[in-house]
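To start, the structure under review is shown below, and the notes come after it.
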Amino acid sequence: MANDYLQEPLDPYKYCAAEREISVELPLESMQRASDLLLDNDGRIKLTLKFSFSSQRLMQVEGRLTGEVTLECQRCLGPTRQALDTEFLWGLVTTEEAASNLPRTHEPVFIENDRLQLLPVIGDEFLLALPLVAYHPEDECQLQSFEQDQPLADKPAEEKTNPFGALADLKKSLKTKQ
């Protein structure tokens, strides 16, 4: 299974030197940190990673994550399908200094003990790919159709009471006593 393959740490130096490309489909259930945000974990995301060295001899990974997820619509609280399609460029580094020297186009990904744990980093990219707020298209939202079907009844304007009315009455009574 591809998920088992990604659980093992890999040698990024060898992958970059060989300009290796990984293309895999992952089940949504493997994105454990995002499970609270998804309404269901059925489905898969497609991931493509291309390892290489940049012209400055920087280890980098060009990637693309695509798929479809079910999120909660923030208008009607019903399920809505959202397409994901994001591209990213990682710069593989071992120190904070190397991360601060990366070009702005690269996101730093840290390598520990000359090994790269892919699944946690992919999980981070998946979280970043999710929309901040999910909505149905306006013509499909359940709440909008509910509002259109049931217009608000005209209510008579309630007479508002002035909280300082009692003070005004007291003031008038004091003036009449004088």
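Side notes on the structure shown:
- Over the chain, DSSP H runs of length four or greater, each weighted -39,500 (n - 2.57), average out per residue to a 222 nm ellipticity of -7500 deg cm²/dmol.
- For the peptides 160-169, 47-56, the ranking by mean Cβ contacts within 10 Å, running from highest to lowest, is 47-56, 160-169.
- The range 41-138: relative contact order in percent, alpha carbon pairs under 8 Å with at least 6 residues between: 23
- With the convex hull drawn over the C-alpha atoms of the range 2-132, the volume per residue is 109 Å³.
- Sequence-distant residues sharing a close amide H with residue 75 (under 5 Å, placed H): 136
- When both bridge partners sit in the range 2-132, DSSP labels roughly 90% of those beta bridges antiparallel.
- Euclidean distance between Cα centres, the range 99-136 to the range 28-80, Å: 11
- Applying both filters, DSSP loop and at most 14 other Cβ atoms within 10 Å, to the GluC sites (Glu not before Pro) of the range 1-91 gives 19.
Since every read-out is calculated from the coordinates, none of them should be taken as a lab result. Not measured: the values here are computed from a predicted model. We place every Cβ from the backbone using ideal geometry, glycine too, and count neighbours over all the protein chains shown.
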